Structure formats: C-alpha cells, structure tokens
1. Could you please tell me which pairs satisfy a Cβ distance under 6 Å, a separation of 6+ or placement on different chains, a first residue in the stretch 53-66 that is more than 11 Å from Leu22 (Cβ to Cβ), and a second residue that is among the small types (Gly, Ala, Ser) and not in a loop (DSSP other than H, G, I, E, B)?
2. Just for helices (runs of 4 or more DSSP H) wholly inside the stretch 2-99: which have at least 1 residues that are among the aromatic types (Phe, Trp, Tyr), at pLDDT 95 or above and surrounded by fewer than 17 Cβ atoms within 10 Å (Cβ to Cβ)?
3. Working only within the stretch 56-75, note down all residues that are polar (S, T, N, Q) and more than 15 Å from Lys14 (Cβ to Cβ).
4. Just to be sure I understand the filter: pairs with C-beta atoms under 6 Å, separated by 6 or more residues or on different chains, first member in the stretch 1-25 and over 13 Å from Met74 (Cα atoms), second member modelled with pLDDT under 95 and aliphatic (A, V, I, L, M). Which pairs pass?
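The values are calculated or read from the model by the stated rules, or taken from the named source; none is laboratory data. All figures in this text were calculated on a predicted structure; none of them were measured in a lab. Every residue, glycine as well, gets a Cβ built from its backbone with ideal geometry; the counts of neighbours run over all protein chains shown.
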Amino acid sequence: MSAKASIAQRIHEKLNAAFAPLSLEVIDDSRKHRGHAHAMRDSALAAPLGETHFTVKVVSEAFKHKNRIERHRMVNAALRAEIDDGVHALSIEAKAPDE
C-alpha cells in the first residue's frame with residue numbers, strides 16, 4: 001500500500017485484504033459535510049481535507065453467521081488506523097453473500 005494513497009484507496013485495500021469481498025464499494029461522502037468542524041484537517045496526521053466521511057458497502061463470506069454489531073466491529077477493527085488518522089464518520093453496510 002502506498003504511503004501517499006488516498007484514504008479511500010487505503011480503505012479499499014484494507015477491506016479487500018481483510019475480507020476478500022465478493023463486492024466492495026467505498027464512497028467518499030465528505031463533500032456533504034463541508035464546513036463542519038470534523039471536515040477540516042487539524043494535524044499533519046489527520047485525513048486530508050475532504051476525506052473524513054465514508055460509506056462502505058461490502059459483501060463477504062466473513063460476515064456469514066455474524067450479527068450487525070459483530071460485522072461493524074470487524075470493519076472498524078480493519079480500519080482502525082484510518083479512523084485514528086482522521087476519518088470522522090463511517091457508514092457500514094456489511095452483508096453475507098446470501099443476503
């Protein structure tokens with residue numbers, strides 16, 4: 001993974017590696033939150049301006065027999081570094097293939 005990769009690219013790469021998804025969509029929703037305090041970068045480590053709010057839609061066998069909370073925890077754990085680096089909001093749609 002490139003150190004200069006966008007947050008969206010990092011999210012995509014990490015979810016691919018963690019869950020080998022059948023489908024994966026990473027949507028940057030940051031433009032909807034321009035002007036909000038959390039949409040601004042306040043440190044060198046924080047996400048660049050415009051990369052703070054995301055929706056991820058992921059379908060993977062890894063979510064089979066897991067409830068919604070377990071699935072969200074799995075995704076949040078895989079993306080811990082991105083969340084710590086300034087991703088403020090993460091909307092998660094995690095499903096098993098048969099859903």
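1. Hits for this filter: His53/Ser30; His53/Ala89; Thr55/Ser91.
2. none
3. If the condition is that a residue be polar (S, T, N, Q) and more than 15 Å from Lys14 (Cβ to Cβ), then Asn67 is the only one that fits.
4. Ile7/Ala47; Glu13/Met1
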